[in-house]
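**Q** Okay, handing you the structure first.
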Amino acid sequence: MENNPTIFRPVRRQDRLWSDAAARALLDSGEFGTLSMCGTNGYGYGIPISYVTENDSIYFHCAPEGYKLECLQANNRACFTVVGQTHVIAGGFTTEYECVMVFGKIDMHLSDQEKQHALELLSAKYNPGYEHRALKYIAGSFARTFVLRLDIEHLSGKTKKINHK
């Protein structure tokens, strides 16, 4: 992962900037996020999606056809956002929050070995304790499952906490 300041704008509110380690912890532990890309119609296209991280990559699984894949074939650059804890401060006209955004390029052409590995990682994250059943499930759906890998080029996290008195 490389933070390239010439491509990615700095966070405007530097006082809310989260450390890379804290942002990465949220990314690693999040339940789902929103994958955003450029639609083939020129509009942005974002979808909520489950995921798993490994090193500087994020894996997603999906059907082997659909609009998401059409968009990524036309432009493989993407943004992925995970929102952690939020809390609206009624009457304070503000919200506590934590979030992380990552930018990178999607690889749609994974080997069968990497695809299998990614599906096992996803299963371990979302179905812990069911490894034996997961392998059977993966084998049964392998041919009709597609796996994408987002290679992280830039990561940025923000948080806002209110000092409650």
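The values are calculated or read from the model by the stated rules, or taken from the named source; none is laboratory data. Small disclaimer: the values here were computed from a predicted structure and weren't measured. Every residue, glycine as well, gets a Cβ built from its backbone with ideal geometry; the counts of neighbours run over all protein chains shown. Calculation scope for accessible area: heavy atoms of the full protein, side chains included, ligands and nucleic acids excluded. Shrake-Rupley method; radii C 1.70, N 1.55, O 1.52, S 1.80 Å.
**Q** Closer than 20 Å to Ala21 by Cβ, in contact (Cβ under 8 Å) with a residue 40 or more places away in the chain and either hydroxyl-bearing (Ser, Thr, Tyr) or surrounded by 15 or more Cβ atoms within 10 Å (Cβ to Cβ) (or both), is that true of Val147?
**A** Taking the combined requirement at face value, the residue does not satisfy it.
**Q** Something else about it: Given Ile138, Ile152, which one is crowded, with 16+ Cβ neighbours inside 10 Å, within 22 Å of the chain's Cα centre (by Cα) and in a helix (DSSP H, G or I)?
**A** Ile138
**Q** Let me ask something else. What are the residues in the stretch 38-52 that are loosely packed, with under 11 Cβ neighbours inside 10 Å and not small (Gly, Ala, Ser), if any?
**A** Scanning the stretch 38-52 gives Asn41, Tyr43, Pro48.
**Q** Would you mind telling me which numbered condition in (1) more than 16 Å from Ile152 (Cα to Cα); (2) open to solvent by 70 Å² or more (accessible area, probe 1.4 Å) Cys62 fails?
**A** Result: Cys62 passes all but (2).
**Q** Can you give me the number of residues within the stretch 74-97 that are open to solvent by less than 30 Å² (accessible area, probe 1.4 Å) and touching a Ser or Thr at 6+ places or on another chain (Cβ under 6 Å)?
**A** Looking only at that region, the number is 1.
To keep it simple, each residue is scored yes or no on (1) in contact with a helix residue (DSSP H, G or I) (Cβ under 8 Å, 6 or more places away or on another chain); (2) of a type in the set (Val, Ile, Thr); (3) touching a residue at least 12 places away in the same chain (Cβ under 8 Å).
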{"site": "Cys99", "(1), (2), (3)": "yes, no, yes"}
{"site": "Leu110", "(1), (2), (3)": "yes, no, yes"}
{"site": "Leu135", "(1), (2), (3)": "yes, no, yes"}
{"site": "Gly140", "(1), (2), (3)": "no, no, no"}
{"site": "Asp151", "(1), (2), (3)": "no, no, yes"}
